[in-house]
Amino acid sequence: MTSRWRKNADALARLVRNHEGPLTRELVRKPGRFGLGQVPSRLAPDAVAHAVCGYCSTGCGLKLHLRDGEACNVTPDPDYPVNRGMACPKGWEVLSPLDADDRATHPMVRDADGHLVRTSWPEAMRRFVDGVRSVQQAHGDAAFAFLGTGQMPTEELAFFGALSKFGLGMVHGDGNTRQCMATAVQAYKESFGFDAPPYSYQDFEESDVLVLVGSNLCIAHPILWERVCRNPHDPDIIVIDPRRTETAEAATQHVPLRPKSDLTLFYGLAQALIERGCVDRDFVAAHTAGFDAFADFVSAFDEARVVAESGIDAPAFRRLVETIAQGERVSFWWTMGVNQSHEGVRVAQALIDLALMTGNIGRPGTGANSVTGQCNAMGSRLFSNTTNLLGGRDFTCDSDRADVARILDIPVDRIPDERSLAYDEILEGVREGRIRGLWIVATNSAHSWIDQNDFRSLREKLDFLVVQDMYASTETAEMADLVLPAAGWGEKEGTFINSERRIGRIRKVRRAPGEALADFQIFRLVANAAGLDDLFERWKTPEDVFDLMRALSRDRPCDLSGIEDYRMLEASGGMQWPVPESATRDGARPEQERRLFADGGFFHTDGRARFVFEAPRPVAEPTDDAYPFVLLTGRGSSAQWHTETRTGKSATLRKLAPSESQLEIHPDDAIACGIEPGGLVAVASRRDRLVVRARVTTVVPRGAVFLAMHDARTNRLTYASFDPYSHQPSYKHAAVRIESVTDAG
Ligand code: SF4
């Protein structure tokens, strides 16, 4: 591993000594070949282009209205099977962030005085290669790592991961999907044998009982909530969440459990259903393994225990059991309230266990269904080459590495044979001096990562930090040694995969500003500057990489091989994997909405799903007399996206969102703490303290407070604990105290 990168070192040095590889020379001479200043000529000047939205994993179809060849307006696509003519505020405003004043328009490098100053692409590439090489020569290839995003198209993610690992010799890379979906990935892999969300959005409309866990669908996935509202079966809608969210308000049952008591509740629910004889014995016998051990395990979770540990009263628990027992098509849905937990994998698997034991899977309106976060979280899961080897394979498996080497026509020894460190482990590597360089692409770690003060202290331990982003103004870009300006959604081509496994296209309908390049083109420049053109000969365009993805996925659960090209995707309104070649042979087309496991066959080698369970564990930072409140964090409104690097640029979205951070606190707690509605309040954890306005409300239960994640200060308070299997941060439980500002001084 070490030597192959060094082998190129001399050639590299020659290539970059004069600040120019062949491609960087060509970039200067013929910028249009790299997309600089151009939109695709294939689009007629006044055409309507079709693309999926670039924010959340719902994956709504949008019509992009062109004037003089560039998008000037957006409307939701009435024919797209996901959103059927609807869009949330972010979708309507998806073009606004492209026009922001603080776009990164040219590469920037930190000078001797510590300032980021403008530089050229050739010089930026020289600095990049020198920076990576010097870290790797001094500390080994694995000392340089990368962090990506679920916001880039799959083709770029695949190129980024392949270039970093197979080309530059890096061993460790991860992405911001670790903060979002890692728990669901791990749960599905262990339970189903592959990371395979089983559902179609049609299931929202076909259930007679929908169980939403830790999911404020109304504001986090508004179009999916619209799909629920279209359900013609007068369904029971059960929301299990400590907060009385907008979704809980609209539900038929709200189950306000104590924070992080969900695992006990679901094991108790399983026990109660077993007692009532609500087990689909035929399905369990034919298609699962481990039910008897599961039934034995949950027998300890009787109603008294559930009531004592979850805080739910007995009648509410019985009503929950009764509703699920009587449901014929019960679907279980979860998002971040489950995933961002110290034991999220087991909680997700408890929901999978419930679906399996009641036979609520593989049929319309059923399923144990994780709703993803980012627009391309699923693309990242399958093709980012971080935790998984390309196509959902295993880096430690000899035959998987051989397969990838054969398909890509690269030497097998270029593929690392060890598991990549997860995001938190990479940061621990930085702390311990094992990781000395980072390449961060399109994620704002210096806002979003848990326990920010600790994260920021690690910056000092990095010898070289490269940040590639649309904006030079993000908290992370401001820390960088080198900033590479990137095009955003709407300024490049590729595909996303949404929550229901649907692959959809994105289109270049705008010129990127200044010298900003599509991430894909930046990776080409890096490959060129690093002397890796031969290795990436087949990676010239996004559609080339899509072809490689088709080959990499052939005969795997995520088979895309039947999608002949981008045009087939566009014409079909997106296609859900799997799409084997047989599905599109002789002009055939798969159904537009499909679910998995209709035949009861799962992806473990014996075809059976597994019951997975484990005793609940205590939270990492329990409340005590000094810090008596639980801090919950989450989305603030449907107009806000994560660290607001994009949504914060839209005047319309800013008007739709709260103008400042508010701490939700229960009226009884507010009185006890001497806090007035709308008054200033200090929230302090063991890590930091911040002052915000109080929103006195019964949305939160007594003993808990809530802050939106969009304020960069929120993660100064959070406590860095992680699920041991998924390594996903537990953003939704930290101990804090509350003080009126007058008291706090
Ligand atoms: Fe975009 Fe998600 Fe809103 Fe749909 S729901 S318009 S995908 S942000």
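What's the number of the only condition in (1) assigned to a strand (DSSP E or B); (2) within 14 Å of the ligand (Cβ to nearest atom); (3) open to solvent by 30 Å² or more (accessible area, probe 1.4 Å) that L64 fails to meet?
For L64, the exception is condition (3).
Kindly list, by first and then second residue, each pair from a residue in the range 685-696 that is closer than 15 Å to I675 by Cα to a residue that is open to solvent by 90 Å² or more (accessible area, probe 1.4 Å), limited to pairs with Cβ atoms under 6 Å and residues at least 6 apart or on different chains.
V696/P677
Among what's in the range 183-200 and is assigned to a helix (DSSP H, G or I) and over 30 Å from V700 (Cβ atoms), pick the residue that is nearest to the ligand (Cβ to nearest atom). Before the answer, list the steps.
Of all residues in the range 183-200, those assigned to a helix (DSSP H, G or I) come to 183-192.
Imposing the further condition that a residue be over 30 Å from V700 (Cβ atoms) reduces the set to 188-192.
On the way: Y188: 22, K189: 26, E190: 29, S191: 27, F192: 25 Å.
Filtering first and then ranking leaves Y188.
Could you figure out which of (1) surrounded by fewer than 22 Cβ atoms within 10 Å (Cβ to Cβ); (2) assigned by TED's automatic domain parsing to the domain that holds R127; (3) basic (K, R); (4) part of a loop (DSSP other than H, G, I, E, B) isn't true of R594?
Unmet for R594, out of (1) surrounded by fewer than 22 Cβ atoms within 10 Å (Cβ to Cβ); (2) assigned by TED's automatic domain parsing to the domain that holds R127; (3) basic (K, R); (4) part of a loop (DSSP other than H, G, I, E, B): (2).
Give the range 238-247 a look and list any residue that's surrounded by 23 or more Cβ atoms within 10 Å (Cβ to Cβ) and either assigned by TED's automatic domain parsing to the domain that holds R702 or closer than 24 Å to V696 by Cα (or both), or say none.
Taking the range 238-247 as the starting set, the residues that turn out to be surrounded by 23 or more Cβ atoms within 10 Å (Cβ to Cβ) are 238-243, 245.
Within the range 238-247, V239, I240, D241, P242, R243, T245 qualify.
For the range 566-579, state whether one or more residues are open to solvent by 30 Å² or more (accessible area, probe 1.4 Å), part of a loop (DSSP other than H, G, I, E, B) and touching a strand residue (DSSP E or B) at 6+ places or on another chain (Cβ under 8 Å).
Step one: of the range 566-579, the residues open to solvent by 30 Å² or more (accessible area, probe 1.4 Å) are 567, 570-571, 578.
Still in the running and part of a loop (DSSP other than H, G, I, E, B): 578.
Narrowing further to those that are touching a strand residue (DSSP E or B) at 6+ places or on another chain (Cβ under 8 Å): none.
No: the range 566-579 contains no residue that is open to solvent by 30 Å² or more (accessible area, probe 1.4 Å), part of a loop (DSSP other than H, G, I, E, B) and touching a strand residue (DSSP E or B) at 6+ places or on another chain (Cβ under 8 Å).
Being under 19 Å from F160 (Cβ atoms), in a helix (DSSP H, G or I) and of a type outside the set (D, E, K, R), is that true of even one residue in the range 407-422?
yes
For the structure I just gave you, tell me whether V306 is touching a Phe, Trp or Tyr at 6+ places or on another chain (Cβ under 7 Å), open to solvent by less than 20 Å² (accessible area, probe 1.4 Å) and among the aliphatic types (A, V, I, L, M).
Values: touching a Phe, Trp or Tyr at 6+ places or on another chain (Cβ under 7 Å): yes; open to solvent by less than 20 Å² (accessible area, probe 1.4 Å): yes; among the aliphatic types (A, V, I, L, M): yes.
Yes; evaluated as a whole, the condition is true for this residue.
I'm trying to understand the selection: among the residues of the range 617-660, which are at pLDDT 95 or above and part of a loop (DSSP other than H, G, I, E, B)?
Within the range 617-660, R617, P618, V619, A620, E621, P622, T623, D624, D625, A626, Y627, P628 meet the criteria.
Would you mind stating whether V94 is aliphatic (A, V, I, L, M) and surrounded by 17 or more Cβ atoms within 10 Å (Cβ to Cβ)? Explain how you work it out, then say what you get.
Values: aliphatic (A, V, I, L, M): yes; surrounded by 17 or more Cβ atoms within 10 Å (Cβ to Cβ): yes.
Spelling it out, V94 is indeed aliphatic (A, V, I, L, M) and surrounded by 17 or more Cβ atoms within 10 Å (Cβ to Cβ).
Only one of (1) within 30 Å of P724 (Cβ to Cβ); (2) surrounded by fewer than 24 Cβ atoms within 10 Å (Cβ to Cβ) is not met by F144, so which one is it?
With respect to (1) within 30 Å of P724 (Cβ to Cβ); (2) surrounded by fewer than 24 Cβ atoms within 10 Å (Cβ to Cβ), F144 is out only on (2).
Sort out which residues of the range 451-485 are assigned to a loop (DSSP other than H, G, I, E, B), in contact (Cβ under 8 Å) with a residue 60 or more places away in the chain and surrounded by 24 or more Cβ atoms within 10 Å (Cβ to Cβ), and write them in order of number. If you could, list the steps in order and put the result at the bottom.
Here is the first cut: in the range 451-485, the residues assigned to a loop (DSSP other than H, G, I, E, B) are 451, 460-463, 470, 472-476, 480-481.
Checking which are in contact (Cβ under 8 Å) with a residue 60 or more places away in the chain leaves us with 451, 463, 470, 472-475, 480-481.
Result: M470, T474, A480.
So in the range 497-540, with the set limited to residues that are without any contact (Cβ under 8 Å) to a residue 60 or more places away in the chain and open to solvent by 10 Å² or more (accessible area, probe 1.4 Å), which one is nearest to the ligand (Cβ to nearest atom)?
Taking the range 497-540 and keeping what is without any contact (Cβ under 8 Å) to a residue 60 or more places away in the chain, we get 522, 534, 537, 540.
Filter once more, keeping what is open to solvent by 10 Å² or more (accessible area, probe 1.4 Å): 534, 537, 540.
Details: D534: 39, E537: 35, K540: 30 Å.
Once the filter is applied, the top-ranked residue is K540.
Mind checking whether some residue in the range 650-669 is touching a Phe, Trp or Tyr at 6+ places or on another chain (Cβ under 9 Å) and within 16 Å of the ligand (Cβ to nearest atom)?
So far as the range 650-669 goes, yes, one or more of its residues are touching a Phe, Trp or Tyr at 6+ places or on another chain (Cβ under 9 Å) and within 16 Å of the ligand (Cβ to nearest atom).
Scan (1) touching a Gly at 6+ places or on another chain (Cβ under 6 Å); (2) in a loop (DSSP other than H, G, I, E, B) for the single condition A583 breaks and write down its number.
Failing condition for A583: (2).
For every residue, the table says whether it meets (1) within 30 Å of E155 (Cβ to Cβ); (2) open to solvent by 10 Å² or more (accessible area, probe 1.4 Å); (3) among the aliphatic types (A, V, I, L, M).
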| residue | (1), (2), (3) |
| --- | --- |
| A348 | yes, no, yes |
| P364 | no, yes, no |
| N376 | yes, no, no |
| N388 | yes, yes, no |
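If you take the residues of the range 74-91 that are more than 8 Å from the ligand (Cβ to nearest atom) and more than 14 Å from L64 (Cβ to Cβ), which of them is most open to solvent (accessible area, probe 1.4 Å)?
Narrowing the range 74-91 to residues more than 8 Å from the ligand (Cβ to nearest atom): 74-75, 77-81, 84-85.
The next check asks that each one be more than 14 Å from L64 (Cβ to Cβ); those that pass are 78-79, 81, 84-85.
Working: P78: 75, D79: 128, P81: 7, R84: 73, G85: 33 Å².
Selected residue: D79.
Output the residues belonging to the range 219-236 that are away from the ligand (no atom under 16 Å from the Cβ) and either assigned to a loop (DSSP other than H, G, I, E, B) or surrounded by 22 or more Cβ atoms within 10 Å (Cβ to Cβ) (or both).
The initial filter retains those residues of the range 219-236 that are away from the ligand (no atom under 16 Å from the Cβ), namely 231-236.
Once the filter is applied, which keeps residues that are away from the ligand (no atom under 16 Å from the Cβ) and either assigned to a loop (DSSP other than H, G, I, E, B) or surrounded by 22 or more Cβ atoms within 10 Å (Cβ to Cβ) (or both), the range 219-236 yields N231, P232, H233, D234, P235.
Would you check if there is a residue in the range 133-140 being in contact with a Gly (Cβ under 9 Å, 6 or more places away or on another chain) and open to solvent by less than 10 Å² (accessible area, probe 1.4 Å)?
yes
Return yes when T252 is more than 16 Å from the ligand (Cβ to nearest atom) and surrounded by fewer than 24 Cβ atoms within 10 Å (Cβ to Cβ) and no when it is not.
On the way: more than 16 Å from the ligand (Cβ to nearest atom): yes; surrounded by fewer than 24 Cβ atoms within 10 Å (Cβ to Cβ): yes.
Judged against the criteria, T252 is a match.
Please work out which one of (1) away from the ligand (no atom under 16 Å from the Cβ); (2) open to solvent by 30 Å² or more (accessible area, probe 1.4 Å); (3) of a type in the set (D, E, K, R); (4) in a helix (DSSP H, G or I) is the condition D203 fails and give its number.
Just one mismatch for D203, condition (2).
Scan the range 27-38 and tell me whether some residue there is modelled with pLDDT under 75, away from the ligand (no atom under 16 Å from the Cβ) and touching a Lys or Arg at 6+ places or on another chain (Cβ under 6 Å).
As a first pass, look at the range 27-38 and keep what is modelled with pLDDT under 75: 27-38.
Of the ones still in play, those that are also away from the ligand (no atom under 16 Å from the Cβ) are 27-38.
After this cut, where a residue has to be touching a Lys or Arg at 6+ places or on another chain (Cβ under 6 Å) as well, the list is 37.
Taking every residue of the range 27-38 in turn, at least one turns out to be modelled with pLDDT under 75, away from the ligand (no atom under 16 Å from the Cβ) and touching a Lys or Arg at 6+ places or on another chain (Cβ under 6 Å).
Restricting to the range 206-218, and then to whatever is within 16 Å of the ligand (Cβ to nearest atom) and part of a loop (DSSP other than H, G, I, E, B), can you tell me which residue is nearest to the chain's Cα centre (by Cα)?
Checked the range 206-218; the qualifying residue nearest to the chain's Cα centre (by Cα) is S215.
Check T58 against each of (1) open to solvent by less than 10 Å² (accessible area, probe 1.4 Å); (2) more than 7 Å from the ligand (Cβ to nearest atom); (3) of a type in the set (S, T, Y) and name the one condition it does not meet.
(2)
From the list R646, R693, R689, which residue is farther than 30 Å from T149 by Cα, outside the structural domain of C88 (by TED's automatic domain parsing) and basic (K, R)? Quick ask: steps written out before the conclusion?
Values: R646 fails: farther than 30 Å from T149 by Cα; R689 fails: farther than 30 Å from T149 by Cα.
Unique residue meeting the criteria: R693.
The values are calculated or read from the model by the stated rules, or taken from the named source; none is laboratory data. These figures come from a predicted structure and were not determined experimentally. Don't worry about glycine lacking a Cβ; one is built from the backbone with ideal geometry, like all the others, and counts go over all protein chains shown. Accessible surface areas use protein heavy atoms only, side chains included; no ligands, DNA or RNA. Shrake-Rupley method; radii C 1.70, N 1.55, O 1.52, S 1.80 Å.
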